[in-house]
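Worksheet: the structure to be examined is printed underneath.
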Amino acid sequence: MRIRSGLSVAAKLILLLSLCVMLYSAFRILRAPAEAQQALHIWDQKREEARLPRLYEEEIPLPEGMTSRPAEMTDLAEARPASYKEGEVIGELYFPKLDQRMAILEGTGRAELRQGAGHDAASAAPGTPGNSVLAGHRDTVFRSLGKLAAGDILELETADGVFTYEVTGSRIVDKETRGAIKPAREPVLTLITCYPFAYTGPAPDRYLLSAKLVSSRKPQPGHL
């Protein structure tokens, strides 16, 4: 009886092991297509990431020298907060007409422009006297900039307050133009991106949207 009982247990163990092997094989067969798709998805991501550095190295929304800073206007630099650090998220820009909002970061390098609009560190801080310059890519945050026209409203918020600007106009300049963005004593805002918006390859021009400050209010206590 003991021998027969032992054989029965062994047979059950063999059957259970065979069943586990069959289930595992079936699981692997069913999972294979999903794993294949996941591998393709990972490759697509890597391929896209490989393209991004080349795109952003070629596309420089704010070329060096485009912002004019004559010596007699350097006193305006004193209005800029010293607390801004490169790469820091300093605020938010909102286009009510487009129902579009984006982060504003300090700096106009590749890393900053991948995340939102970049504030030219050498320009005035938003809401202060002077020309505050924000750059953005034409295929991301500023892809619809051409839809804004004179009279449209822009809302910009930082730790210093909420600032409302009214668009005054736009113009297109060659990317090699020097001093195209002029300094100002009153608080104004200039948004710049590459142009044409749907151009293939490095865009030859720059699109500049200008706005003036029409109202401002201090942030509410505990808001940020």
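Which residues, taken from the range 147-167, are within 18 Å of the chain's Cα centre (by Cα) and of a type outside the set (Asp, Glu)?
Once the filter is applied, which keeps residues that are within 18 Å of the chain's Cα centre (by Cα) and of a type outside the set (Asp, Glu), the range 147-167 yields Leu154, Leu156, Thr158.
Against the conditions (1) surrounded by fewer than 17 Cβ atoms within 10 Å (Cβ to Cβ); (2) modelled with pLDDT under 95; (3) within 15 Å of Leu62 (Cα to Cα), where does Arg185 fall short? Just the number, please.
For Arg185, the failing item is (3).
Give the residue, chosen from Thr74, Thr67, that is among the β-branched types (Val, Ile, Thr), farther than 28 Å from Tyr199 by Cβ and either modelled with pLDDT under 95 or surrounded by 21 or more Cβ atoms within 10 Å (Cβ to Cβ) (or both). Can you show your working first?
Working: Thr67 fails: farther than 28 Å from Tyr199 by Cβ.
On inspection, the qualifying residue turns out to be Thr74.
What about Val141, is it touching a residue at least 12 places away in the same chain (Cβ under 8 Å), among the β-branched types (Val, Ile, Thr), in contact with a strand residue (DSSP E or B) (Cβ under 9 Å, 6 or more places away or on another chain) and not in a strand (DSSP E or B)?
Judged against the criteria, Val141 is a match.
Applying the selection to the range 174-189, what residues are without any contact (Cβ under 8 Å) to a residue 60 or more places away in the chain and either part of a strand (DSSP E or B) or farther than 24 Å from Tyr94 by Cα (or both)?
Answer for the range 174-189, where residues must be without any contact (Cβ under 8 Å) to a residue 60 or more places away in the chain and either part of a strand (DSSP E or B) or farther than 24 Å from Tyr94 by Cα (or both): Asp174, Val188.
Out of Lys97, Lys85, which single residue is under 30 Å from Glu157 (Cβ atoms), modelled with pLDDT of 75 or more, touching a helix residue (DSSP H, G or I) at 6+ places or on another chain (Cβ under 8 Å) and basic (Lys, Arg)?
On the way: Lys85 fails: touching a helix residue (DSSP H, G or I) at 6+ places or on another chain (Cβ under 8 Å).
It is Lys97.
State the number of residues belonging to the range 168-224 that are within 18 Å of Thr108 (Cα to Cα) and hydrophobic (A, V, I, L, M, F, W, C).
Number of matching residues: 9.
Do you know which residues across the range 93-111 are within 18 Å of Ala121 (Cβ to Cβ) and out of contact with any Leu (no Cβ under 6 Å at 6 or more places or on another chain)?
Listed by number, the residues that qualify are Ala103, Leu105, Glu106, Gly107, Gly109, Arg110, Ala111.
The values are calculated or read from the model by the stated rules, or taken from the named source; none is laboratory data. Computed from a predicted model, the values in this text were never measured in an experiment. Using ideal geometry, Cβ is built from the backbone for each residue, glycine included, and neighbour counts are taken over all protein chains shown.
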